1. Give segment 32-50 a look and list any residue that's crowded, with 18+ Cβ neighbours inside 10 Å and touching a helix residue (DSSP H, G or I) at 6+ places or on another chain (Cβ under 9 Å), or say none.
2. Among the residues of segment 51-65, count how many are open to solvent by less than 30 Å² (accessible area, probe 1.4 Å) and part of a helix (DSSP H, G or I).
3. Mind listing whichever residues of segment 3-26 are modelled with pLDDT under 90, open to solvent by less than 90 Å² (accessible area, probe 1.4 Å) and not in a loop (DSSP other than H, G, I, E, B)?
4. Could you tell me which residue of segment 32-52 is nearest to LEU132 (Cα to Cα), considering only residues that are without any contact (Cβ under 8 Å) to a residue 60 or more places away in the chain and of a type outside the set (D, E, K, R)?
5. Scan segment 75-91 and report the pairs whose first residue is within 16 Å of GLU63 (Cα to Cα) and in a strand (DSSP E or B) and whose second residue is open to solvent by less than 30 Å² (accessible area, probe 1.4 Å) and among the polar types (S, T, N, Q), with Cβ atoms within less than 7 Å and a gap of 6+ or a chain change.
6. Could you tell me how many of the residues in segment 129-152 are open to solvent by 20 Å² or more (accessible area, probe 1.4 Å) and part of a helix (DSSP H, G or I)?
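The values are calculated or read from the model by the stated rules, or taken from the named source; none is laboratory data. The shown structure was predicted, so the numbers you read here are calculated from the model rather than taken from an experiment. Cβ placement follows ideal geometry from the backbone for every residue including glycine, while neighbour counts extend to all protein chains displayed. Ligands, DNA and RNA are stripped out before the accessible areas are found, and what is left, the full protein with its side chains, is counted by its heavy atoms. Shrake-Rupley method; radii C 1.70, N 1.55, O 1.52, S 1.80 Å.
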Amino acid sequence: MTDPATGKSRFAVVPASYVFLLRQAGGGADTEVLLQLRQNTGYMDGFWAAAAAGHVERGETAEVAARREALEEIAVDDLDLTFVTAMQRTAHDLPIDERIDFFFTARAWSGEPRIVEPAKCADLRWFPLSALPDPVVPHEAVVLAGLRAGDLPPLSNHGF
């Protein structure tokens, strides 16, 4: 979008919310994260990603969107969400690539996570944060590394 007063191009933000379900592995040695294998979405197909994520719809808060996506994509509800970071990112191309992502974790929820949209999700699996599969969506890998290290800043950026 171009500002008519200055002629400068404005960042056209597309907001999205992500939910990383976390649990302690057997014996409590490592934290595990639930990831989905994307397919047939047109974006990062063949990559592992947050089990639940999607665009924030008009009139929704990021938290409401996170809860809705978790119910729609993996059939879990009543999440005990913790906000972990907001990430501003760009791919330096189309406005659709100018993003603000809100990342949440949940260690408690109702329901057993399962694939609700099999056309878009080829697999759903728990992985130790210390042994993630390959490949992981790059900007999500940054957040997962920060969760593992315990040094995730409240505001991050990617692609700048």
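1. First pass over segment 32-50, keeping only residues crowded, with 18+ Cβ neighbours inside 10 Å: 32-36, 38, 47-50.
Hits for segment 32-50 are VAL33, LEU34, LEU35, GLN36, PHE47, TRP48, ALA49, ALA50.
2. Residues in segment 51-65 being open to solvent by less than 30 Å² (accessible area, probe 1.4 Å) and part of a helix (DSSP H, G or I): 2 in total.
3. VAL14, GLY26
4. Taking segment 32-52 and keeping what is without any contact (Cβ under 8 Å) to a residue 60 or more places away in the chain, we get 42-43, 45, 52.
Filter once more, keeping what is of a type outside the set (D, E, K, R): 42-43, 52.
Working: GLY42: 23, TYR43: 20, ALA52: 17 Å.
Here the answer is ALA52.
5. What qualifies is THR82/THR105; VAL84/THR105; THR85/SER156; MET87/SER156.
6. Total meeting the criteria: 7.
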